[in-house]
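Below: one structure, written as structure tokens.
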Amino acid sequence: MSAGLMLYNVLCLAVPFSVALLLAALGENFNQRAGVFNLGCDGIMCMGAFLGFMVPFTLKASPWAAYGNVLGLGAAMAVGAAMGVVFALVTVTFRASQGIAGIGLQMLGWGLAGTLFRHFVGGVTGVEGMAAIAIPGLSKIPFLGGVLFNHNALTYTALLLVPACWFLLYKTPWGLKVRAVGTHPRAADTMGIHVDLIRYQALMLGGAMAGLAGAYLSLCQAKMFSDDLVAGRGFIAVALVYFGRWSPLGILGGALLFSIAQSFQLSMQVWGIKFPYEFAVMLPYVLVIVVLALARKARQLGPTDLGKPYNREMRF
């Protein structure tokens, strides 16, 4: 197999692999920009993956079957937003430790999704999911056509959300408020910005996007649900926010980098390259550790009040 064909195969796999990470990390970016560190992203993705699968699975024999995927995506976003509100209640209103609350939310989402799946479904079952849509004309472009323009609608949506999130953060009054409450919440409060309300809104938006990321895994990538479907991607999404330096474009680059490593290790097994299988599987996760180690200095560029609960009654 030629090097060009090998690269083409790796990139064709990397783009769809990056979508779930990209959606979850873009949502987590809103959380962190507002000053809240949400380690529960993985649990939200689990619930989003379950509902994204469960809705079309339940409706497949009904007159609503044609709308099953859309309703599944909507249900995943709704449960993600609801879990974001729960997390906001615990961390913003009651000012609990964000790290501990995030781990609790992750365990809740993972356990609840698995329990509901075993109760209502029982075993591994597939759904039709979302089919690929080749963009006329663009999909025929040599090399790039197959890499970028032959995917499902949610993949295109995720890529379009990168400039949309950038615009929302940097070119709208709400985005300015989000960045203000994450950097100088007391100054923002003095200017009349409701710090807690903005953080609630950011967590709802971030949760909805994490739920959508989970639904992508069950509806577009695996077209099924299992307990280990998410496989820690929520934690990787949190790391990608650091790697991307809290920029949507940087997050896109990080998601693609991790996904290229993941697709490369899968391709190595297909190509029959003699390399220890265990090390190939470890490669993407080792990359995350390296990214976090190299991103230590980037922490100075992030929200200065990240992870700190805000109490307007306390001066110091």
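The values are calculated or read from the model by the stated rules, or taken from the named source; none is laboratory data. No experiment lies behind these values; they were computed from the predicted model shown. So basically every Cβ, Gly included, is an ideal-geometry build from the backbone, and we count neighbours across all protein chains shown.
Here are a few things to note about the model shown:
- Any hit, the range 51-64, residues being part of a helix (DSSP H, G or I), free of Cβ contacts under 8 Å to residues at least 24 places away in the same chain and over 18 Å from Ala113 (Cα atoms): yes
- Test result for Ala96, more than 22 Å from Val238 (Cβ to Cβ) and among the hydrophobic types (A, V, I, L, M, F, W, C): no
- In the range 122-170, the residues that are assigned to a strand (DSSP E or B) and small (Gly, Ala, Ser): Gly126, Ala134
- The helices (runs of 4 or more DSSP H) found entirely in the range 215-316 that carry 1 or more residues being at pLDDT 90 or above, under 16 Å from the mean Cα position of the chain (by Cα) and surrounded by 15 or more Cβ atoms within 10 Å (Cβ to Cβ) are 233-243, 248-271.
- Every residue from the range 1-35 that is assigned to a loop (DSSP other than H, G, I, E, B) and in contact with a Phe, Trp or Tyr (Cβ under 8 Å, 6 or more places away or on another chain): Met1, Gly35
- Ala20 being under 18 Å from the mean Cα position of the chain (by Cα), buried (at least 24 other Cβ atoms within 10 Å of the Cβ) and not charged (D, E, K, R): yes
- Annotation note: Cβ proximity below 6 Å between a residue of the range 3-20 that is over 15 Å from Leu148 (Cβ atoms) and a residue that is buried (at least 18 other Cβ atoms within 10 Å of the Cβ) and of a type outside the set (Gly, Ala, Ser) (sequence gap 6+ or interchain) occurs for Ala20/Tyr216; Ala20/Leu217; Ala20/Arg233.
- Screening Ala180 on (1) modelled with pLDDT of 95 or more; (2) surrounded by fewer than 18 Cβ atoms within 10 Å (Cβ to Cβ) shows it passes everything except condition (2).
- When the test is whether a residue is modelled with pLDDT under 95, surrounded by fewer than 23 Cβ atoms within 10 Å (Cβ to Cβ) and either in contact with a Pro (Cβ under 7 Å, 6 or more places away or on another chain) or assigned to a helix (DSSP H, G or I) (or both), Arg186 passes it.
- Within the range 147-167, the set of residues being more than 21 Å from Gly137 (Cβ to Cβ) and without any contact (Cβ under 8 Å) to a residue 12 or more places away in the chain comprises Ala164, Phe167.
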